[in-house]
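The values are calculated or read from the model by the stated rules, or taken from the named source; none is laboratory data. The model shown is predicted, which means the values in this text are computed figures rather than measured ones. Neighbour counts are summed over all protein chains in view; Cβ atoms, including those assigned to glycine, are modelled from backbone coordinates with ideal geometry. Each accessible area value is taken on the protein alone, full model and side chains, heavy atoms only, with ligands, DNA and RNA left out. Shrake-Rupley method; radii C 1.70, N 1.55, O 1.52, S 1.80 Å.
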Amino acid sequence: QVQLVESGGGLVQPGGSLRLSCAVSGIIFGSYAMRWYRQAPGKQRELVAGIFVDGSTNYADSVKGRFTISRDNAKNTVYLEMNSLKPEDTAVYYCNVQIIFKDYWGQGTQVTVSS
């Protein structure tokens, strides 16, 4: 079955950095686009970044220039490098893959940006 396992979240001060990882199993990883979403308390889940099979990427306006999504097809892993973190980046971050219009999610990893 499809499994996504996120890691790398934590507490960081404003201006700091974190690197999230998402290990994926149960699919031919290199054949699918991968996405990172986040959900802050009391808010809807929102798309943060996506990376496609050809390596092209897209980002939410709120994270452009600060976050970088990447993938390692040999390790079946997608990453989210987050720099210049702001308190408004505080959320649970989820890894996502869509297969034939069905969404698969990891359990999420908490990112808290606070002094």
Residue pairs within 6 Å by beta carbon, gap of at least six or interchain, first lying in region 47-72 and under 15 Å from TRP36 (Cβ atoms), second basic (Lys, Arg) and buried (at least 17 other Cβ atoms within 10 Å of the Cβ), listed first then second, are VAL48/ARG38; GLY50/ARG35; ILE51/ARG71
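Can you tell me which residue among ALA49, ALA91, ALA74 is among the aliphatic types (A, V, I, L, M), surrounded by fewer than 18 Cβ atoms within 10 Å (Cβ to Cβ) and under 20 Å from LEU4 (Cα atoms)?
Details: ALA49 fails: surrounded by fewer than 18 Cβ atoms within 10 Å (Cβ to Cβ); ALA91 fails: surrounded by fewer than 18 Cβ atoms within 10 Å (Cβ to Cβ).
Answer to the selection: ALA74.
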Taking region 12-26 on its own, how many of its residues are open to solvent by 30 Å² or more (accessible area, probe 1.4 Å) and farther than 13 Å from TYR93 by Cα?
-> 7
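For the structure I just gave you, tell me whether VAL63 is part of a strand (DSSP E or B), open to solvent by less than 60 Å² (accessible area, probe 1.4 Å) and of a type in the set (A, V, I, L, M). It would help to see each step written out before you state the result.
Values: part of a strand (DSSP E or B): no; open to solvent by less than 60 Å² (accessible area, probe 1.4 Å): yes; of a type in the set (A, V, I, L, M): yes.
For VAL63, the condition - part of a strand (DSSP E or B), open to solvent by less than 60 Å² (accessible area, probe 1.4 Å) and of a type in the set (A, V, I, L, M) - is not met.
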Of the conditions (1) in contact (Cβ under 8 Å) with a residue 40 or more places away in the chain; (2) farther than 16 Å from THR112 by Cβ; (3) open to solvent by less than 50 Å² (accessible area, probe 1.4 Å), the single one that ARG38 does not satisfy is (2)
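Looking only at region 94-115, which residues are touching a residue at least 40 places away in the same chain (Cβ under 8 Å), assigned to a loop (DSSP other than H, G, I, E, B) and loosely packed, with under 13 Cβ neighbours inside 10 Å? Steps first, please.
Going residue by residue through region 94-115, those that are touching a residue at least 40 places away in the same chain (Cβ under 8 Å) are 94-99, 104-115.
Those left that are additionally assigned to a loop (DSSP other than H, G, I, E, B): 106-108, 114-115.
Correct list: GLN107, SER114, SER115.
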